[in-house]
1. For region 395-408, give me each residue that is surrounded by fewer than 17 Cβ atoms within 10 Å (Cβ to Cβ) and in a helix (DSSP H, G or I).
2. Considering only region 418-457, state which residues are of a type in the set (Val, Ile, Thr) and over 22 Å from Gly139 (Cβ atoms).
3. Can you tell me which condition Asp232 does not meet? The list is (1) at pLDDT below 95; (2) closer than 23 Å to Asp334 by Cα; (3) among the acidic types (Asp, Glu), and all the others hold.
4. Any residue in region 30-50 that's more than 20 Å from Pro108 (Cβ to Cβ): show its pairings with residues that are assigned to a helix (DSSP H, G or I) at Cβ separation under 6 Å, as long as the two are six or more apart or on different chains.
5. Could you go through region 426-445 and let me know if any residue there is at pLDDT 95 or above, under 16 Å from Arg120 (Cβ atoms) and not in a helix (DSSP H, G or I).
6. Could you please tell me which pairs satisfy a Cβ distance under 8 Å, a separation of 6+ or placement on different chains, a first residue in region 352-371 that is without any contact (Cβ under 8 Å) to a residue 60 or more places away in the chain, and a second residue that is polar (S, T, N, Q) and in a helix (DSSP H, G or I)?
7. With the checklist (1) out of contact with any helix residue (DSSP H, G or I) (no Cβ under 9 Å at 6 or more places or on another chain); (2) in a helix (DSSP H, G or I) in hand, flag the one item Pro373 doesn't pass.
8. Does at least one position in region 386-393 carry a residue that is touching a Lys or Arg at 6+ places or on another chain (Cβ under 6 Å) and either surrounded by fewer than 16 Cβ atoms within 10 Å (Cβ to Cβ) or not assigned by TED's automatic domain parsing to the domain that holds Gly88 (or both)?
Amino acid sequence: MLLAAAAVFIGSQLCRHCHAEVFDAYARTPMARSSGRVESVPAAQFTAAGHRYQITDRTLQFDGGSSSIDYFIGSNAAGRTYLRERDGYLFELPVTWYAQKQAWDASPGYEKDGEVRLTRAVEPSCLQCHASRVRPVRGTQNRYGDPPFLENGVSCERCHGPGSEHASDPAKSRMVNPAKLDAERRDAVCSQCHLTGEARIERTGRTFAEYRAGDRLSDVATYFVSKLGRRDLKVTSHVEKLAGSACKTAAGDKLWCGTCHEPHTNTDKTQQACLGCHAVAHRQQERCATCHMPRTRAVDANHGVMTDHSIPRTGRGGAAPDLKTLVPFLGTGDDRALGLAYAELGDRRAKEFLLRAEPRDWPVRLRLAVLEPDAARAAQLYESVLRDNPFEPVALVNLGTHLARLGRYTEAGQLWDRALLTNPALEEAVLNLAQIRSPKDARVLLSRYLELNPVSRKARAALAKLGQ
């Protein structure tokens, strides 16, 4: 009996042997250039979020320290954010180059930071839409192999599926052609990176990284949007914005990303698509998208400006009301998914859904532990989380804190040590360990952390208290 084997990723370079023209054209597109190792960064001096910075020879310097600039994410069409690497752990730097503004400024989410923050972990889900064949190290939050990803940008196989069987026998095994899939599987290829929603919740036992072209994205995750809608834009809200447009409502499945975008060359087919339905449109000598798909500032990208895919009749702006009632845009909106989504947003409605959630797996129990006012019950929940996921950093830190308050310092220290193996920049674990270790060990611990995060006021204060 012959046993089937799953296809595996083999890398885009093998595709070039037979598809050189398409490969070379695609290599010049923004999607193909959305990540990579930093070769050079132009020298610069600037202020961002009140902090002064200088860039020299792939080094970011600031008051109190410096950092290497090792990797980038972003094609530089809208901008480019940079990452630092320390012992295989990746962290996002607090400054971004905004191409449309031609200026450096604070990275999204760093605009109001009181000190230079170097400890934002770059988790696999962050890299997944910018790089291909990402190599996370199991048991860590943000550690990767060397290199952290095997291909820069979005590779051929991200949209066409693993290529091992096709490379072995092209006639027998065909690659995925998104345009020939049914609408749900076709749209999923683009939605994997261009659908944001208000929350993305992985289904029980599944991870976003498991998605392969040709699958249904709803089998991996549920995406929620606001029932009231939102009038502002997010960086990757293209899919949900298009779905709410009058054009999509009228055209149905015939209108999709490929209607206007040619991914291999980045050719814009928007005008052809518009006139295909609106042959007697007014001002046909002008580009329809200029007015009806206006470039608008994204609320989650500082200076980033994105195209409004809601295709409004006239320009519009303004955010939807703050109250967010979530509804599933893609996938199943059961109690578990809704509870985790509301918890992700910090919404107090989370607990009522989480208490009804089935199954009550470790992500549910983790959120319930964070919300649980009784310390003993919270500790029991954290313990159960760690039985299923021994590397969960929040559970490790918080359970350790609970045990330390009970005087169980040895057990607490073991948990905090484990937490620092998942991510050495967990400041709470460092500061807690410094309080229960010998002064000599505490100095070593704090000094090592300050090499990673040199401007931490809390760590400096703790070191000063010990006496250097």
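1. Step one: of region 395-408, the residues surrounded by fewer than 17 Cβ atoms within 10 Å (Cβ to Cβ) are 405-408.
Selection gives Arg405 alone.
2. Residues of region 418-457 of a type in the set (Val, Ile, Thr): 422, 430, 436, 444, 455.
Passing the criteria: Ile436, Val444, Val455.
3. The number of the failed condition is (2).
4. That search, which allows pairs on different chains as well, returns Ala32/Tyr26.
5. The answer is yes; a qualifying residue exists.
6. If the second residue must be polar (S, T, N, Q) and in a helix (DSSP H, G or I), the pairs left are Trp362/Ser384; Arg365/Ser384; Ala369/Asn398; Val370/Asn398.
7. (2)
8. Residues of region 386-393 touching a Lys or Arg at 6+ places or on another chain (Cβ under 6 Å): none.
Scanning region 386-393 turns up no residue that is touching a Lys or Arg at 6+ places or on another chain (Cβ under 6 Å) and either surrounded by fewer than 16 Cβ atoms within 10 Å (Cβ to Cβ) or not assigned by TED's automatic domain parsing to the domain that holds Gly88 (or both).
The values are calculated or read from the model by the stated rules, or taken from the named source; none is laboratory data. No experiment lies behind these values; they were computed from the predicted model shown. As a convention, Cβ positions derive from the backbone with ideal geometry for all residues, glycine included, and neighbour counts pool all protein chains shown.
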